[in-house]
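First up is the structure itself, then whatever we jot down about it.
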Amino acid sequence: MARKTTFEEDDGMFDIDFWQMQGAEAIFAATWQMVLDVSLIKGIKKDEREHRLQRSIARLKQNPL
């Protein structure tokens with residue numbers, strides 16, 4: 001999936017549409033990979049099971065499809 005646009009014309013909807021098409025499982029997998037990538041970049045050596053997402057979310061609500 002691709003869209004050609006200028007920086008000035010980009011309204012951000014491409015990213016939203018793309019990730020909504022991927023679904024919750026793909027979004028979580030990409031998020032988790034970013035957590036692991038940040039640790040790698042920072043040089044933090046942990047077992048993957050020791051990593052966690054920030055726990056500041058009080059409630060998750062799934063939108064009906």
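Figures for the structure shown
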item	result
Inter-residue pairs, beta-carbon under 9 Å, first assigned to a helix (DSSP H, G or I) and in the stretch 40-65, second of a type in the set (A, V, I, L, M) and at pLDDT 70 or above, 6+ apart	GLU48/LEU36
Output for the stretch 1-42, where each listed residue is within 19 Å of LEU65 (Cβ to Cβ) and either in contact with a Ser or Thr (Cβ under 6 Å, 6 or more places away or on another chain) or β-branched (Val, Ile, Thr) (or both)	ILE16, ILE27
Top-ranked residue of the stretch 1-42 - restricted to ones that are within 19 Å of ASN63 (Cα to Cα) and of a type in the set (D, E, K, R), ranked as farthest from the chain's Cα centre (by Cα)	ASP17
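The values are calculated or read from the model by the stated rules, or taken from the named source; none is laboratory data. Source: prediction; values computed, not measured. Ideal geometry is used to build each Cβ from the backbone, glycine not excepted, and the neighbour counts take in all protein chains shown.
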